[in-house]
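Below: the structure, in structure tokens.
The values are calculated or read from the model by the stated rules, or taken from the named source; none is laboratory data. Computed from a prediction, not measured in an experiment: that's the story for all the values here. For neighbour counting, all protein chains shown are included, and Cβ atoms are generated from backbone atoms with ideal geometry for every residue, glycine included. All accessible areas refer to the heavy atoms of the entire protein, side chains included, with ligands and DNA or RNA removed. Shrake-Rupley method; radii C 1.70, N 1.55, O 1.52, S 1.80 Å.
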Amino acid sequence: MQIITDSSCDLPQEIIDRLKILIVPLQIEINGEEFTDGVNLTHHQFFEKMAASPTLPKTSQPSPQSFIDAFREGFKRHSEILSIHLSSRLSGTMEGALMARNDVEGEISIFDSLSGSLGVGLQVMKACELVKEGLGKQAILERLAEYREQMRVVVYLETLENAVKGGRVSKPKEIVANLLNLKPVVHVEEGYVRILKTLRGKKKGIRMLLEEMEKKGVDYSNRIVGITHCDCLEDALALKEEIMQRFKPAEIILTTMGPVIGTHAGTGGLLVCF
């Protein structure tokens, strides 16, 4: 079975290559310029361009042809395809995959991650693991749905600037938040992004990510934890060290957050998926 996903998964290239995953890239427009995620725009370049832009970048789902090309490539490798995508409640990417499936002959299953960034990526890795175990399609989909149900994705936001640019928060509210040094922490719930809490100061905001991991009350020794950061490697490395010492997970994947979620998180944001 061939696993396909979209570029919102934020998986490091080494993992994509090792697991032979096919990626369908999303499109980004920044200050009038158009880019293809991961093709002619790196994550670092994205954050640089976003910081210099007076307006919020716009992301758009892959073209139907991109999906068709990926599905046809997938069938050159395997007789079945499982395509896992960004939450249908955050993007039209799932819808595009479903439409493209009608134009390609073969067994194609489309799975809604109900998540973003490494929340998608870890589900893709789980699917690859289940395929390697030799499970059939139905068993893989059932196990994947269980994994999705258990997953938490929590994000610390350093700034409300992008929410203001996007029209979700008024400028006076941003000024008040900055004066009070308020930092929102949001989470993904049922495929939507919702505010969990607003705290004063970065330390409290980041500490809450650890508290949410603790609340889950599970043994992390056989689990993968994902961290993505919005151009703030130092903070991400410090968080990784803290998670390693406190929870001792089987593996921590640390990488940059891509344009799809990074557009809304803004520079300085940190996401933890567990």
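How would you classify the range 213-261 from its alpha-carbon gyration tensor, with a ≥ b ≥ c the square roots of the eigenvalues: rounded for a/c under 1.5, else prolate if a/b is greater than b/c, otherwise oblate?
prolate
State in Å² the accessible area per residue of the chain; use a 1.4 Å probe, count heavy atoms of protein chains only, and round to the nearest integer.
So the chain comes to 48 Å² accessible per residue, rounded to a whole number.
Using a Förster distance of 22 angstrom, determine the FRET efficiency expected from the C-beta separation of residue 51 and residue 196, and round it to 0.05.
0.30
Where does the charge balance sit around residue 85 when Lys and Arg score +1, Asp and Glu -1, over other residues with C-beta under 15 Å from its C-beta?
Cβ neighbours under 15 Å give a net charge of -1.
Search the structure for amide H atoms under 5 Å from the amide H of residue 83, placed 1.01 Å from N in the peptide plane, and list their residues when 5 or more places away or on another chain.
Here the answer is 4, 109, 110, 111, since their amide H atoms fall under 5 Å of that of residue 83.
Excluding residue 181 itself, what net charge comes from residues whose Cβ is under 11 Å from its Cβ, given Lys and Arg +1 and Asp and Glu -1?
Taking every Cβ under 11 Å from that of residue 181, the sum is +4.
I'd like the carbon and sulfur percentage of the solvent accessible area for the range 1-92, probe radius 1.4 Å, heavy atoms only, ligands and nucleic acids excluded.
Of the solvent-accessible surface of the range 1-92, carbon and sulfur hold 48 percent.
If you keep only loop residues by DSSP, which GluC sites (Glu not before Pro) in the range 116-153 have at most 10 other Cβ atoms within 10 Å of their Cβ?
Those satisfying the criteria are 133.
Near residue 100, within a Cβ-to-Cβ distance under 14 Å, what is the net charge of the other residues, with Lys and Arg +1 and Asp and Glu -1?
Its environment carries a net charge of -4.
In whole angstrom, note down how far apart the Cα centers of the range 50-88 and the range 186-215 are.
28
So which of 58/132; 137/216; 203/248; 58/203 end up more than 27 Å apart by C-alpha?
Distance filter (> 27 Å) returns 58/132; 137/216; 58/203.
Let a ≥ b ≥ c be the square roots of the eigenvalues of the Cα gyration tensor of the range 15-58; is it rounded (a/c under 1.5), or, if not, prolate (a/b larger than b/c) or oblate?
Since a/c reaches 1.5 and a/b is larger than b/c, the shape of the range 15-58 is classed as prolate.
Using a 1.4 angstrom probe on the protein heavy atoms only, line up 44, 187, 85 by accessible area, largest first.
44, 187, 85
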